[in-house]
Amino acid sequence: MAAAGLLPSGIAAAGGTIGLGVGNYGLRKFSIIEGIRFIGSIGYDCAELTMMDGYPTEARSVSPAQRREIRTTLQDLGLALPSLLEQIMIIGDAKDHAEHLDRLRRDIQFGHDVDPGVANTHPCVQTHLGGKTADWEATKNLMVDRLGDWSKAASSMNMVIAFKGHNLNLNDTSEKTAWLVRKVNSPWIRVLYDYSHYQAVGEDLDRTMDLLLPYTAMISIKDGKNYTDKPGFERLLPGDGTVDYMRYYHHLLKAGYRGYTVIEISGQIHARPDYDPVVTAKRCYTNVAPVMAKAGVHRPSHEKAKA
């Protein structure tokens, strides 16, 4: 079993609130502290930090003094830290696997160093798993073995690792994601639920939630639609596509989810030449926060204000 108090928010977390957050994935123009303060200024309840190469929060580039400043800033703003966003491919040779484990351990240590402990929330490391859908049958058992090794690293350092399905990866459906987490059967390996990738392959929202929420550590939200002028799936901001977020949050409440929903500003969006991070982060908030309120969701910041 996972150590008490060290699990991230999720289906088994205490309390009756669902928070809203955004990460610095789409806010690369900001320094670390500026980005955190900007997130707090909009009204979000939490921040997500990106661990990928080239980001200011990539673990190897953040000094001990900076880590202390990150933790203090999050605490001063009352922002929880439910997630660290990674991009680690699970398929590769033994050398790749060892390097991935080392990277996960660096991420976990970073997470402990910057964890503000706000709202009794602690971060998980989240990643998709990579690979090609066509290779699923040939590699699924190797994925289980590798996730088992990830579980040992997570257990030894007291932090959950959450993986998500991706419509272009090995586990492109909710069934494959559920199969993996059940086969690994570890409280340290959980699901990062991101409906947009199941939406892209035509899966029903309620069905994917019923299947995956029992294993979910945290939720990432964005929207999407099929391109009208070319093959593929266009990533959109939450509220700009076809996802019914009233239905979405009603289902979360009914299922007993108590944690955070963190907006992902897709790389498809923040790579555009005309991308404006300030306008985009604010738009995401105004798209989602009123829907949460109308759905009857209590948010951590609102509960804190009442205290």
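A few notes on this one:
- So LYS152, is it farther than 21 Å from ILE219 by Cα, at pLDDT below 95 and out of contact with any Lys or Arg (no Cβ under 8 Å at 6 or more places or on another chain): no
- Hey, THR127 assigned to a helix (DSSP H, G or I), within 20 Å of LEU85 (Cβ to Cβ), within 16 Å of the chain's Cα centre (by Cα) and not aliphatic (A, V, I, L, M) or not: no
- Matching residues in region 266-278 - criterion: being over 19 Å from the mean Cα position of the chain (by Cα) and not in a helix (DSSP H, G or I): ALA271, ARG272, PRO273, ASP274, TYR275, ASP276
- Every condition in (1) more than 16 Å from the chain's Cα centre (by Cα); (2) buried (at least 22 other Cβ atoms within 10 Å of the Cβ); (3) modelled with pLDDT under 95 holds for VAL114 except the one numbered (3).
- Scanning region 268-277 turns up no residue that is of a type outside the set (Val, Ile, Thr), farther than 21 Å from THR17 by Cβ and touching a Cys at 6+ places or on another chain (Cβ under 7 Å).
- Enumerated strands (runs of 3 or more DSSP E) restricted to region 181-265, each holding at least 1 residues that are without any contact (Cβ under 8 Å) to a residue 24 or more places away in the chain and either surrounded by 15 or more Cβ atoms within 10 Å (Cβ to Cβ) or not polar (S, T, N, Q) (or both): 223-226
- Taking the criterion of being in a loop (DSSP other than H, G, I, E, B) and either of a type in the set (Ser, Thr, Tyr) or farther than 16 Å from LEU74 by Cβ (or both), the residues of region 52-63 that qualify are MET52, ASP53, GLY54, TYR55, THR57, GLU58, SER63.
- Selection of first residues in region 87-109 that are among the basic types (Lys, Arg) and of second residues that are surrounded by fewer than 15 Cβ atoms within 10 Å (Cβ to Cβ), restricted to Cβ pairs under 7 Å at least 6 apart or on distinct chains, gives the following pairs, ordered by first then second residue: ARG106/ARG60.
- Criterion violated by ILE108 - all others in (1) in a loop (DSSP other than H, G, I, E, B); (2) surrounded by 22 or more Cβ atoms within 10 Å (Cβ to Cβ) satisfied: (1)
The values are calculated or read from the model by the stated rules, or taken from the named source; none is laboratory data. In this text, all values refer to a predicted model and were calculated from it rather than measured experimentally. Positions of Cβ are backbone-derived with ideal geometry, glycine not excepted, and every protein chain shown enters the neighbour counts.
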